[in-house]
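Have a look at the structure below before the remarks.
Bear in mind these aren't lab numbers, they're just calculated from the coordinates by the rules spelled out. Predicted, not measured: the structure shown is a model, and the values here were computed from it. We place every Cβ from the backbone using ideal geometry, glycine too, and count neighbours over all the protein chains shown.
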Number of protein chains: 4
Amino acid sequence: MVGGGPGAFIGAVHRKAAALDGGMELVAGAFSSNADKSRQQGEALMLDPARVYGSYQEMAEKEAALPEGERIDFVSIVTPNHMHYPTARAFIEAGFHVVCDKPMTTTLDDAEALCRLVGQHDVVFALTHNYTGYPMVKQARAMVREGRIGTVRKIIVEYPQGWLSQPIERTGQKQASWRTDPKQAGAGALGDIGSHAENLARYISGLEMEALCADVTTFVEGRPIDDDVSMLVHYAGGARGVLHASQISVGEENNLNIRIHGTEGSLQWFQEHPNYLYYRAGDGPEHVYKRGNDYLTEVAKHNSRLPSGHPEAFLEAFANIYVNAGRTIAATLAGEAPTAFDTDFPTVQDGATGVHFILTALESGRQKGWVDAQYTAPG
Amino acid sequence: MVGGGPGAFIGAVHRKAAALDGGMELVAGAFSSNADKSRQQGEALMLDPARVYGSYQEMAEKEAALPEGERIDFVSIVTPNHMHYPTARAFIEAGFHVVCDKPMTTTLDDAEALCRLVGQHDVVFALTHNYTGYPMVKQARAMVREGRIGTVRKIIVEYPQGWLSQPIERTGQKQASWRTDPKQAGAGALGDIGSHAENLARYISGLEMEALCADVTTFVEGRPIDDDVSMLVHYAGGARGVLHASQISVGEENNLNIRIHGTEGSLQWFQEHPNYLYYRAGDGPEHVYKRGNDYLTEVAKHNSRLPSGHPEAFLEAFANIYVNAGRTIAATLAGEAPTAFDTDFPTVQDGATGVHFILTALESGRQKGWVDAQYTAPG
Amino acid sequence: MVGGGPGAFIGAVHRKAAALDGGMELVAGAFSSNADKSRQQGEALMLDPARVYGSYQEMAEKEAALPEGERIDFVSIVTPNHMHYPTARAFIEAGFHVVCDKPMTTTLDDAEALCRLVGQHDVVFALTHNYTGYPMVKQARAMVREGRIGTVRKIIVEYPQGWLSQPIERTGQKQASWRTDPKQAGAGALGDIGSHAENLARYISGLEMEALCADVTTFVEGRPIDDDVSMLVHYAGGARGVLHASQISVGEENNLNIRIHGTEGSLQWFQEHPNYLYYRAGDGPEHVYKRGNDYLTEVAKHNSRLPSGHPEAFLEAFANIYVNAGRTIAATLAGEAPTAFDTDFPTVQDGATGVHFILTALESGRQKGWVDAQYTAPG
Amino acid sequence: MVGGGPGAFIGAVHRKAAALDGGMELVAGAFSSNADKSRQQGEALMLDPARVYGSYQEMAEKEAALPEGERIDFVSIVTPNHMHYPTARAFIEAGFHVVCDKPMTTTLDDAEALCRLVGQHDVVFALTHNYTGYPMVKQARAMVREGRIGTVRKIIVEYPQGWLSQPIERTGQKQASWRTDPKQAGAGALGDIGSHAENLARYISGLEMEALCADVTTFVEGRPIDDDVSMLVHYAGGARGVLHASQISVGEENNLNIRIHGTEGSLQWFQEHPNYLYYRAGDGPEHVYKRGNDYLTEVAKHNSRLPSGHPEAFLEAFANIYVNAGRTIAATLAGEAPTAFDTDFPTVQDGATGVHFILTALESGRQKGWVDAQYTAPG
């Protein structure tokens, strides 16, 4: 692991998610750019001190120098956004597979460079758009593919939070500090959570954006980065969309949710109640699909651990990204072909598409109008 | 009553709403532009045949000719939209008070002419934006005014329906036919329900629109009018908004809902579950306010009929528009001043603002960009 | 109307419910046993003073003496419980049809006497167990009859309220005063709301009770009547049940709800969210049936006024009892046979069954054990 | 671990729960009474074959013979119920701490013998009534203790499931087979889930049962054990209760839920939506407490891992039993005093109380009447 030092939120989440199913073990890390803090975190995690490093460069180099079978199988990158690219690059060039937090990079050049690097070095690269790990999100995607809602007409995807409604970054709150710093984060609400919304809508609907018109706002005075964004979207094939993400919506916690309306039916899912998927066909009662039941599609069942009514939640969904990426890495290491279930995780191209989305939305906000949003990532 | 012939939906709703509290009686009507149908409806309603008219002109003229105390006190206009203006004009000029369905007119000229007529003839004019009649909507408005959510930052107002997702207007369905005919309806989803969304947001927040950017779509092939609209909004004072309304959102019934986020708290209300209002302040648990309780504001209690837990719904809210307008009319007839509770109904200026909103949104859709949305109605 | 004087809750509800559809008119009343109060209420309701009476006896006698076509068609009895019997008797003997509030009487003798009187005088008698007036309750009943849940195994019916958790009857609150007075009410929570729960379960399931074991409690010190009851129930055919009703459940408003589990499926309905019925078959997703849709059974559509998504609530359900009883009365007056839809209202036999249930549960509470609950009302 | 062989549900849950926070490692096991199956499972779990045993006796003996620091710290017992006692006894006598699944034993003698053994050998014994591990259950308990609902009057605790509505035990379904076998399970729905309901109510309310009257039913023909139970309960201090548990309630998944009504307020919690706790005081709006927020009590925050809106669920709650028991075991091993947070897990006395409850309810069902339910476990 690179990043995830003392006080980091997402590093601990990655560790729990990776450990959940017993198939992965954390054996090495560069937990902080401060070597002391890195060492301190390594101790807390009961790691071999020899494998706790003071920098990502040192770690990439020294792990690569270990004999096969002793070195790490892959690296998990959980630093602030601006460090994703150099870290990933160092490990890919050293031949390691990568699991990386999102948004993938802060510039499109970096994102596209990563796409090419992944192709050149033939490594597995998984991006933790963790919300697509939920079984009922996979159920939704499968139902769209099966034609259960017909042709998609309208997509409403929302990601409101309220935790940045006051300038808590000035109190030294670590999460708030780097996420509101343009140098470390790139974009604010748009990058941190808007990119999850974009990814979720694309994952379920299978549709690419053609154009968008964004209203990008900073509500908290003095904050140098956006904390609220709303946009209109045109998707390929004629679907229309609304996407909004906010970190100043007081009272909202982590309310990512999506509605997809097609010619024949509709789907609705709420991250805060993730075990349920609402399906409505044109002329019958609403159906509530519940995780853990036999009537679900194979992919939803494959990504589920507990019986129905025994709720799963955020960690299990996050773990699904790790499990699937891990199986793909294991297959690759073994020279075997991963299954379609194994490769069901966000790729480096998804990451580049997300970065392009963020930059396009910022540009639309500056221009105050519609902009072209079409994009195909290299590789 | 003018309009509301056999098969009309909203006419029957108006009649039930007006009758609910026993203070109003339907005594005369021109229920259809077809004199036979008007007579037939008059019979069904057990009216005196002498007061069932073949046209609104005849009705305005003959009712005005009746002695004071025998003529109608006010007229209720429930025709298709394009007939609101000439009908209202005829009755106002004959000295009658008016309750009129929305949207008020199909052109801004007509709307502004009505504003001036109402002022000149000093009549009471109430527009049935019925959703503002709900007690918990009034509770929300009161809480915003009391500063319970601080300064408004973001407003999300949605009005999805699905009943026009297929071209049912071609099957002769009466509701669908006139509502998708530009001549009778003016605008489609935007006019029929988008205008309710605009009115609801303005009623609760007290904020006027400054600019908007709308995406106006017709999804059903061959339909000559919009059936879906999404827009970004800038409100006076810096608040941002998203408003979307749709009649092709399969599975949605009549899901008008609103969220208002302020600097200090948030409010959320759903028309399909109208007895509840959700309030979240920055740092405490969510509060669920329920209709019928002592802890509510006076205006919410004043507009409520039943104890808590005995749900009220659509008809009671609609009736509140009639009750309040009726009390204002009664006070006016008696030469007395109505109370602030009495005058709590949408006015002719609200109607003109709504028409301006509809036309501005259509213009924005045509221009594919932001347009100025500021407006002050005459009078 | 007999009863429903100033300050009475249920009298006003009856009046609004009866008036809702425009087919009934209140023309006479004995609104209070205090002649002054009765007169005062008559004035408030703008009745002809000649038809506002000082006692039910006077009203029954004088109305009966009016020529046919001028007298009332039926009487609506909304007094405290102990007065239902003598009032109903007087009007039935005078040849009038009756709509009567529940519980029907305070003794089984009175209840059975009413059954016989109704039979002897061949009048229509409707009891306002208003909750069975909800369209989705009728939908549930139809689905049970159609075998959609198989053989019923378990019924959970609950009716918690909290409004009597403190001794508010000592503050002079009128509702609380008579409802906690054994002489006027007969039983407390058990009679007032437990009887609704019993009726609802029987109406939907079609099952009669065979035995019950009740725990009858008075929580508020000094209150001379039960304010909480829980019971186990054995139904005919082997189904088991739990029924509990409470007026001291702080925070509950009027949360009547029922779950019926059969061998093949289950149904669930909540009075506070009355437009929805939840259906779960053994091995598919949950179905949410929503009022106002074409896919519902005929009886649910027949008892519905508004389109889907335009919520109906308590008053409409109450009105359905009046509408159906009114149609049956009208048919009877016209010498015609009412339809099955018309006669869908609680009868005098339902009333006697309810009284038997109340007295049996009280007896079980006293005996602290299971008692036989089988009963067939006369007539 | 003893038990948890191939195909076992709860064994895998225990393993994931124990592993979640990285503080425990599975190092040895006797996974099945069939030595081959045990070995097979040990391999699947990548354990040292030397520490995979063919029987619990062998495991207890051989682990005890290992040098300190190499042997297991505690044993986790996840066998069918009838094997809990001999297994626990063997390990306790060998000096090991124990985590044991529920219900603790199938006889009261065994349960009380365990209480005494735990006392004599001074070991830590934790019972996995996992539902008390939920943070919002702990919040509820803390609020009751703080007097937020006043004196408890009524407790409704329900645990409906539907998975045994058909005789699936005859199809060889492993879970169903042993859970419906009186020899292995002791009791059916009553023992499997009724005991969770009892424990949850006692944990939150702090109240002991005084008397109960149970209706114990077997609905599926030929099943030799109860599959449905409903009961009335008298608690110490005058509170009344209803407890029902069922495995034939078609459509229900794992719907454990509880409502506690006091003189001043009420609390409500649903296992299937575990991040929310509903609190209603007498005269204000309902409060929705949400996991992960600062306004919660210390114990709720202490037992929480993720920020608000990032839902936690079943596994985290289960893990909390392990974490707390693990900390108590670690403190004991280190000769230190565990904190009050550490010792917050169900004890051997809770287990004996649960067994007494099960047997008492079965007795009440046989007697068809109220029975004394008072009990104090030894030790």
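Between C:Phe96, C:Phe341, C:Phe125, the residue with the greatest mean-square fluctuation in the GNM of chain C (Cα pairs under 10 Å linked by springs) is C:Phe341. Projecting 7 Å from Cα along the Cα-to-Cβ direction, the label point of C:Gly69 sits 2.8, 11.0, 11.1 nm from its equivalents in the other copies, listed shortest first. For chain C, the relative contact order comes to 20 percent (Cα pairs under 8 Å, sequence separation of at least 6). Here the chain D residue lying nearest the rotation axis onto A, judged by its C-beta and given with the distance in whole angstrom, is D:Ala313, 2. Per residue, the convex hull around the alpha carbon atoms of region A:131-243 comes to 106 Å³.
What is the antiparallel percent of DSSP beta bridges lying wholly in chain C, to the nearest 5?
70 percent
If both residues of a DSSP beta bridge must be in region B:2-130, then about 0% of such bridges are antiparallel. Spatially, region A:1-59 and region D:40-84 are offset by 31 Å when compared through their Cα centroids.
Per residue and in Å³, how big is the convex hull formed by the alpha-carbon atoms of region A:2-130? Please list the in-between numbers first.
Working: hull volume 13.2 nm³, N = 129.
Hull volume over Cα atoms, normalised by residue count, gives 102 Å³.
Among beta bridges from DSSP that stay inside the protein assembly as shown, the antiparallel ones total about 70%. Cross-link partners for B:Lys174 among the aspartates and glutamates, with Cα-Cα distance under 13 Å and sequence neighbours closer than 8 places in the same chain left out, do not exist in this structure. Quick check: the distance between the Cα centres of region A:210-282 and region C:318-379, to the nearest angstrom? After rounding, the separation between the Cα centres reads 52 Å. An ellipsoid equivalent to region C:103-180, defined through the eigenvalues of its Cα gyration tensor, has semi-axes of 31, 25, 12 Å when rounded to whole angstrom and sorted largest first.
Find the relative contact order for region D:228-379 and round it to a whole percent, using C-alpha pairs within less than 8 Å whose residues are 6+ positions apart. If you can, show how the numbers build up before the last one.
Numbers: 159 pairs, mean separation 15.0, N = 152.
Computed value for region D:228-379: 10 percent relative contact order.
The share of Cα pairs per 20 Å bin across the protein assembly as shown, counted from zero up to the longest distance, runs 9, 34, 36, 18, 4, 0 percent.
Excluding same-chain neighbours fewer than eight residues apart, the lysines reachable from D:Lys62 by a Cα-Cα span under 21 Å are D:Lys37. With its label point put 7 Å out from Cα toward Cβ, D:Asp372 sits 3.2, 8.8, 8.9 nm from the same residue's point in the other copies, in order from shortest. Inter-part distance, region A:178-201 to region A:85-164, computed on C-alpha centroids, equals 13 Å.
Would you work out the relative contact order for region B:231-321, in percent, from Cα pairs under 8 angstrom that are 6 or more residues apart? Each step should come with its number before you reach the end.
Numbers: 106 pairs, mean separation 12.7, N = 91.
Relative contact order of region B:231-321: 14 percent.
In terms of other Cβ atoms within 10 Å, B:Val157, A:Val242, D:Val288 run from fewest to most in the order D:Val288, A:Val242, B:Val157.
In order along region B:356-369, phi translates into HN-Hα couplings of 4, 4, 4, 5, 5, 5, 4, 5, 4, x, 5, 6, 6, x Hz, rounded to whole numbers, per the Karplus curve 6.51 cos²θ - 1.76 cosθ + 1.60 with θ = phi - 60° and x for Gly and Pro.
Applied to region C:259-265, the Karplus parametrisation 6.51 cos²θ - 1.76 cosθ + 1.60 on θ = phi - 60° returns per-residue 3J(HN,Hα) values of 10, 10, 10, x, 5, 10, x Hz, with x for Gly and Pro.
With the simple spin-label model, which puts each label point 7 Å out from Cα in the Cβ direction, the D:Asp48 to B:Thr151 separation comes to 6.6 nm. A label point on C:Thr171, set 7 Å along the Cα-to-Cβ line, lies at 3.9, 5.4, 5.7 nm from each of its counterparts in the other copies, closest listed first. What pairs from A:Lys138/A:Lys290; A:Lys138/A:Lys301; C:Lys154/C:Lys301 go past 19 Å between their alpha carbons? Over 19 Å Cα-Cα: C:Lys154/C:Lys301.
Taken one residue at a time, the phi angles of region A:182-198 give Karplus couplings (6.51, -1.76, 1.60, θ = phi - 60°) of x, 5, 8, 9, x, 10, x, 4, 4, x, 5, 10, x, 5, 5, 4, 4 Hz. Gly and Pro are set to x.
Tell me which trypsin sites (Lys or Arg not before Pro) from region B:292-379 have a DSSP coil assignment and no more than 16 other beta carbons within 10 Å of their own. Present the calculation step by step, with values, prior to reporting the outcome.
On the way: sites: B:Lys301, B:Arg305, B:Arg327, B:Arg366, B:Lys368; in loops: B:Arg305, B:Lys368.
Here the sparse-neighbourhood loop sites are B:Lys368.
Computed from the C-beta positions of B:Val27 and D:Ala236 and an R0 of 45 Å, the FRET efficiency is 0.10 to the nearest 0.05.
With all pairs of different C-alpha atoms in the average, the Kirkwood value for the hydrodynamic radius of chain D is 21.2 Å.
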